[in-house]
Each structure stands twice: as C-alpha cells, then as structure tokens.
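Report on the structure given below.
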Amino acid sequence: MAASGPLSGITVVDLSRILAGPYCTLLMAELGARVIKVEPPGKGDDAREYGPFKNGVSTYFASVNRGKQSIALDLKAERDRGIFETLLAKADVIVENFRPGTMEKLGYGWETLHERYPRLIYASASGFGHTGPFSRHPAYDMVVQGLGGIMSITGHAGQPPVRIGTSIGDLGAGLYTAIAVQAALLHRERSGEASKVDIAMFDCQLALLENAVMRYTVTGQIPGPLGARHPTITPFEAFATADGSMIIAAGNDALFQKLCAVLDRPDLASHADFRTNDLRNQHQARLKAEIEAVLKGKPTAEWIAIIERAGLPCGPINNVAQALAHPQVEARNMLVSVEDPKAGTLKLAGNPLKLSTFADPPTRDPAPTLDQDRAAILRELGL
C-alpha cells in the first residue's frame, strides 16, 4: 500500500482524526510510510461526515487520508484491544490527537506503551500538550487561532477579527508533529531509544507568529493587523493598479532603487525619507501613495510584465482557480489525481516534499472506506 519513499518500511498506527493528526500521517504516507488508520466502528473518523461530498464520499476526508489503510477497532472491547496490541507490536510509530488523559484511560498512555513496546515512538498532537494548566482543555483550530494571537495580526486595523483562510492551527500542528516524528525515528536509529512526541496546537501557533513575538519582546509594542503589508520591510505589500491590485516585494535598497527606475520615479530612491528600509517603514503610507499614483496608470498584467522584466519580485493576487491554473502547478506536480471507486476522479493537492531520489507520481491511492483493510490486516497479523 505504501509508496516508495525515504520512510518505506516504517509502519504508523494512526489513531488520529479530523485534521492535525491525519495531516501528519498524510505527509508520512507521502514519504513512503505505511499508515494504518484505526477508526471507531460505526461512523469512523468524524471527518468522514465533512463536506463537500461527491457521490456520498467526503472529499475533505479523502484529501488528507489518501494512501492509508483502515481498520475499525473498539478499543474498549477485549477482542479489538488484542488486535490493536498485536498491531502495535509490529509498528514503529503511533499517532493520536485525543485530549490528554484519554489514552491513559484506555490503558495506552506513553508509560504503558513504552514499557511494553520499547521501540514504539508515541506521537501526540493536542490542543495544549500534555503539561501545563490548560493541558486537559479541548481545542479546535479556531480556538487556538484566537488564543494564540495569530488572528490579532490578521486582517485590517479596525475591522472585525479574521480567521486565516486555512486551518493553520491544525496544519501547523500536523507539520510540526511530522517533523518531530522523523527526528525521533532518526534518534531511535542512532540510539535504539524511542521517544514521546508531545505537540501542542497552541505552542505551534506561538511559533508561527514569527517576528511578531520578537517585535513585542524587543519594543514592548503589541503588533496588530496590517492588511497586506509586511511589518518590517517597505515597500512589501499589495498595491492598487488601474484594474485591481498586485504584490510588489522590494526587500532591500537595491530592489527599491530598481523599482523607482521602473516606475520612472528615480526621485523616490534619493528622497531623504525613503533612502533606507527603516526610513521607508516610518513613512510607509506616504511612499505607498506615491507608488500607487504611478501604478494606477496601467492594468495589473501590464505592470507585472514590466516589473518582472526588471527582475523585481511581484505578482497578481490570484483566487484559488487562478492559483491552480498557474503553469508551475503542472510542472511541479502539485495537483494529483486520485481514482476513488465511489467518488470517481478527484484532483487533490500534490506533495510539496520533492526528493531527487524518489519518484513523485501524478496519481495517488484513494482514501480507504471504513474498515476496508480489516481482513488483510488480520491475515497479516495471523489472527
């Protein structure tokens, strides 16, 4: 089932559901690991009920669970617990995203599993991690986006709070979990010692605040939303043109001077208020007005052609359809086909992890139906 990749030969038992954990195990499957998704009998992963649907199939579920296997197990039933424990004995990694304490109630906490399966890496992605006063609190993506500060720097000043357009709380945790699991696999390879990986969505949101943390701790000023501009580089934002908007990112003095030349405004480069990036930051609004006064004379496409020829980073503000139609998408295999037996052909986001030593095929195996692989897995386990 698992594709060829650097994690080929690694077996992951995946207890996770919805997005954070499944995104982690999707990345591992893309890198060649065998992922066995253990779901509760009946409805399985909650995400199986999330739309949009195609021929009754959740494409939300399909997009993050492709290439995995499924077995339905009731971890409170003796027979299914026996199957689960036999699976763990053959696995390299277990991934779960339950609220802390849930696995301990089932008898499968880190301490218990580590004693019984000393080479098993245990990875948990939860709202607040396994330590601290909020450890047992529930959390969804929107909760940690708000709590972690990222919504406070998103959108425009004076406007209502805005969620980032993707589930960055879940996706960030999934990415960090995947990185940590692979580090734990390398450590086990070197030392023979298995690790517990404890990832908190809240921690990940703080880490993804990037320079907002530094700006606050250094200056004492609380960062706020800046719309479509960079907080410390100018000009580096969205600008109005004759027929819409475009992005220009002049990240240093040399690029700014080139931009001024292209706009036929060399006086801006030598202006006392705009000579350095720090000065440009201080006078950002005035500089933007000067640049837009020129840009409004031509449509976006014309300006992009002119500015690109000068070697300046720039681009349009694409919608999703336009982004997927970009020639780089096909060239980089970033839209792959999945032939689902019920939903038909699905076009899903490709794998951004490109490795010269492994193929990146244009197709992927579909997500499993609930309990699809039970018979095969039981035969393999000798049960």
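The values are calculated or read from the model by the stated rules, or taken from the named source; none is laboratory data. Model, not experiment: these values are computed from the prediction. Positions of Cβ are generated from backbone atoms using ideal geometry, with glycine treated the same way; all protein chains shown enter the neighbour counts. The protein model used for the area step is the full one, side chains on, heavy atoms only, and it has no ligands, DNA or RNA in it. Shrake-Rupley method; radii C 1.70, N 1.55, O 1.52, S 1.80 Å.
The structure shown yields Cα extents along the principal axes in Å, and of the options [x] 79, 47, 42; [y] 115, 53, 48; [z] 70, 43, 40 that calculated value carries the label [x].
Of the solvent-accessible surface of region 1-126, computed with a 1.4 Å probe over protein heavy atoms with every protein chain present, carbon and sulfur atoms account for 50 percent.
Per-atom-type breakdown for region 212-304 gives carbon and sulfur 55% of the accessible area (1.4 Å probe, protein chains only). Rounding to the nearest 10 and keeping the result within 0 to 90°, find how far the Cα-based axis of helix 284-295 lies from the longest principal axis of the chain. The angle comes out at about 80 degrees. Mean projection of the Cα convex hull over all viewing directions, computed for region 3-119: 7.5 nm². Normalised per residue, the accessible area of the chain is 50 Å², obtained with a 1.4 Å probe and no contribution from ligands, DNA or RNA. Annotation for region 293-321 versus region 105-184: alpha-carbon center distance of 38 Å. Residue by residue, region 93-101 carries 3J(HN,Hα) couplings of 9, 10, 10, 9, 10, 6, 5, x, x Hz when phi is fed to the Karplus relation 6.51 cos²θ - 1.76 cosθ + 1.60 (θ = phi - 60°); x denotes Gly or Pro.
Full extension of the segment from A331 to T276, taken as 0.36 nm per residue of separation minus the current Cα-Cα distance, would add 16.0 nm.
Taking 0.36 nm per residue of separation and subtracting the Cα-Cα distance, full extension of the segment from D365 to A321 would add 13.4 nm.
Built from the Cα atoms of region 89-161, the convex hull projects on average onto 6.4 nm², one quarter of its surface area.
Between R81 and E302, the contour length at 0.36 nm per residue exceeds the alpha carbon distance by 73.1 nm.
Helical content of the chain, expressed as a calculated mean residue ellipticity at 222 nm, amounts to -11000 deg cm²/dmol (DSSP H runs of 4 or more residues, -39,500 (n - 2.57) each, divided by residue number, nearest 500). Dividing the radius of gyration of the alpha carbons in region 46-113 by their Kirkwood radius gives 1.04 for Rg/Rh.
According to the square roots a ≥ b ≥ c of the eigenvalues of the Cα gyration tensor, what is the shape class of region 169-234, taking rounded for a/c under 1.5, prolate for a/b larger than b/c otherwise, and oblate for the remainder? Prolate, because a/c is 1.5 or more and a/b exceeds b/c.
Highest average first, the peptides 327-333, 199-205, 294-300 ordered by how many other beta carbon atoms sit within 10 Å of their residues are 199-205, 294-300, 327-333. Distance between the pseudo-spin-label points of D264 and R116 (7 Å out from Cα toward the beta carbon): 7.7 nm. A Stokes-Einstein calculation at 4 °C with viscosity 1.567 mPa s, built on the Kirkwood radius of region 133-174 over Cα pairs, returns a diffusion coefficient of 116 µm²/s. Note on I179 and L383: the model spin-label points, each 7 Å out from Cα along the C-beta direction, lie 3.6 nm apart.
Treating each Cα of region 310-383 as an identical point scatterer and summing with the Debye formula, the log10 of I(q)/I(0) at q = 0.19 Å⁻¹ comes to -0.96.
Each peptide in 19-32, 216-229, 140-153 gets a packing score, the mean of other Cβ atoms within 10 Å over its residues, and the list from highest to lowest is 19-32, 140-153, 216-229. Each peptide in 319-326, 233-240, 115-122, 340-347 gets a packing score, the mean of other Cβ atoms within 10 Å over its residues, and the list from highest to lowest is 233-240, 115-122, 340-347, 319-326.
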